[in-house]
Each structure stands twice: as structure tokens, then as C-alpha cells.
Amino acid sequence: MYIGTEQLTHTYMPGTPFATEALQDITFNLKQGCFALIIGPSGSGKSTLIQHLNGLLKPTAGQVFFAGQSTGSDKKALLNLRKKIGLVFQMPEEQFFSETVFDEIAFAPRNQGLGEKEVAKRVSDAFKKTGLKSAGLLKRHPFQLSAGQKRLVAIAAVLSLNPEVLILDEPTVALDLESKNNLFNLLAKLNRKEGLTVIVSTHHLDDVAALADTALVLNQGRLMLWGPLEEVFSRRELLHEMGLSLPAVTEIMHSLAESGFPVNTAVYTIQKAQQEIMAAKKRG
Ligand SMILES: Nc1ncnc2c1ncn2[C@@H]1O[C@H](COP(=O)(O)OP(=O)(O)OP(=O)(O)O)[C@@H](O)[C@H]1O
Ligand SMILES: [Mg+2]
């Protein structure tokens, strides 16, 4: 097991009239280098689960594992964990607090006590990885950037710690199509070329599904399904019952199959769908 949980339960405000059991008995494990989706409707516990994976929230019961070990609750161990597991929050740019993009990306490495020379290198490397180009951007105020640029700066601010795992909570919210595509290209590069384990929470499966190999499905704080993406996506009715739909292109393939056109339904991109439909046509 590389990263995962064992019978993880989390209750907010336990012992009060407001107690909410946000996660119940969650057990799963992910392989190093995977690209996993955490899928679930609003309020299903995605953000709560994600915040356990890098030690920001502590389990009410059960355990979280990283690199084969229980992450425990020792303060030093948790600080170390947060260096290895980078977390990009939902709408991260709302939490920008620095005067320049440079300082925003430099915050975490400076906080670790690294020298300014190393900090500058970390900033430059992280900035370049995101595909942001103009060096002038680093001197700008973070609030002067476009929504897509802000999101990439927020990711650079986490990459500057050189994490092994990158977790993003609903990273496409409020982005236009071009910014989404930039983001997906970046995640694909980090996962496939740099070997980072990537975990993304979402309730829009449309675009990110083509990148992922594993999926976890949460509903009302329970883990309903988890495993290889194709297996999870084959449980279409269960997903529909939870108010989730498969990527539009996959739904179309299911409709075709149901109406007697013999296509493979495990298709998540328009390009693949075209190939599959042409192949089915040839097969007659
Ligand atoms: N800080 C908190 N205090 C009390 N209850 C909370 C807190 N944060 C979340 N909850 C509750 O825990 C449950 C799970 O919330 P969570 O934010 O993890 O869901 P989510 O799947 O991330 O939802 P969304 O898609 O809307 O972001 C919900 O019932 C929510 O109301
Ligand atoms: Mg959330």
C-alpha cells in the first residue's frame, strides 16, 4: 500500500448537537504513480477525505497510511507528511496572501528554512513546470492574474515543495475550457513524465476521466465503490442513483450499445469514441 486508509471515520464537532459523521469506515489503497479520482456528489465527504490524506484532519477512528506506514499523529511526522503530499484546496486562489507571485510560490520552501538561492530555484522550477511562461508574471500581484493563471500559480506554490503526491480538490471549478485543458496537460505531465501520484476530487467526470486509471466513489460519507476506473465506470446505474453521470461521450456509447450498435462502452474521449464507432461499423 502506498497511500490509503483503514476503517477511517471522521466526525465533525463530536459530542455536540452539531456532530456530523462526514466519513464512515473508509478503507482503500492506491499504488504509487497512479492517477486516482475521488468522485461523489456535494457533501459526500471528498474534501474531508482529502484533508486526512496529508494530515490536515485527524481521524476520529481508523488510520491513514502513506508509504506503507500509519501516518500517526506525531507533529513532526505530520509536518514531514505535508512536504511529501501536496494539497491544492478547492478555489485555492482565494487564499493567496503574498504581494507577488514569486513570494506566493516561495512561501512553503521559505517556511521550511531553505536558503534564498534554493528558494529561487524551487520557485523557478515550479513556475516552469506549470507552463506559465512570462518571467514578468513572477513580479505581478497574484490578484492581477487571470483565473487560469491563478490556479496554475496555486499549483506551483505546492509543487515548490517537490511533493511525491499531488492532491487537488475540485481543480476545474470556475475555469474556462482553455484553462481546464492547460490544467489537464499539466496533470498528465506530472503523472506520466515526473512520476507523481495524482489524486483529484471532482463531480464533473467529463474531461478528467481520460487521464485517470483508478476511481473512488463516495456517497453520504461512505465509500460505495473503488478500483480500476473501467470497473467503477461499468457500474453506471449505481452512479446514476447517486446523481452522478459518466462522461457525456461514455453515456452516448452506452446509448448506442443499448440500441443494438455493438460498441465498447469503456470510452472516455471523443477521439476514442470515433475510433470505436468506426471499428464497430467495419465489423458490421
Ligand atoms: N468544518 C466542518 N464542520 C462541520 N461539518 C462539516 C465541516 N466540513 C464539512 N462538513 C460536513 O461534512 C460532510 C462532508 O463534507 P465535505 O466538504 O467533505 O463534502 P464534499 O464532498 O467535499 O462536498 P463538495 O462537493 O460540496 O465540496 C457534509 O455533510 C458537510 O456539511
Ligand atoms: Mg469539497
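The values are calculated or read from the model by the stated rules, or taken from the named source; none is laboratory data. What you see is a predicted model; the values in this text were computed from it and never measured. Virtual Cβ from ideal backbone geometry, glycine too; neighbours counted across all protein chains shown. The accessibility values were calculated without ligands, DNA or RNA, using every heavy atom of the protein model including side chains. Shrake-Rupley method; radii C 1.70, N 1.55, O 1.52, S 1.80 Å.
Quick notes
- Solvent accessible area, Å² - residue 168, 1.4 Å probe, full protein context: 0 Å²
- Placing pseudo-labels 7 Å out from each Cα toward the beta carbon at residue 272 and residue 125 gives an inter-label distance of 3.3 nm.
- Between 0 and 90°, nearest 10: helix 116-129 axis offset from the chain longest Cα axis: 20 degrees
- Over the chain, relative contact order from alpha-carbon pairs under 8 Å, at least 6 apart, %: 22 percent
- The label-point distance for residue 143 and residue 56, in a model that sets each label 7 Å from Cα toward Cβ, rounds to 2.2 nm.
- With 0.36 nm allotted per residue and the present C-alpha distance subtracted, the residue 255-residue 237 stretch has 5.2 nm of extension available.
- With one equal scatterer per alpha carbon and no solvent term, the Debye-computed log10 I(q)/I(0) for the chain at 0.09 1/Å reads -0.47.
- Shown for the chain: the carbon plus sulfur share of the solvent-accessible area, taken with all protein chains present and a 1.4 angstrom probe, equals 51%.
- Legend: residues 236, 222, 151, sorted from most to least accessible area (1.4 Å probe; ligands, DNA and RNA excluded), read 222, 236, 151.
- Ordered by solvent-accessible area of protein heavy atoms (1.4 Å probe), largest first, the residues 246, 238 come out as 238, 246.
- Under the simplified labelling scheme, the residue 162-residue 27 pair shows an inter-label distance of 3.7 nm, with each label point 7 Å from Cα along Cα→Cβ.
- Pairs over the 29 Å Cα-Cα cut-off, from the set 133/193; 46/83; 76/133: 76/133.
- In degrees, nearest ten, helix 270-283 long axis to first principal axis of the chain (Cα): 20 degrees
- Given charges at beta-carbon only (K, R positive; D, E negative), |dipole| of the chain in Debye: 960 debye
- Share antiparallel - DSSP beta bridges, the chain, percent rounded to 5: 55 percent
- Accessible surface area normalised per residue over segment 5-112 is 50 Å², counting heavy atoms of protein chains with a 1.4 Å rolling probe.
- Exposure rank, largest accessible area first [216, 256; 1.4 Å]: 256, 216
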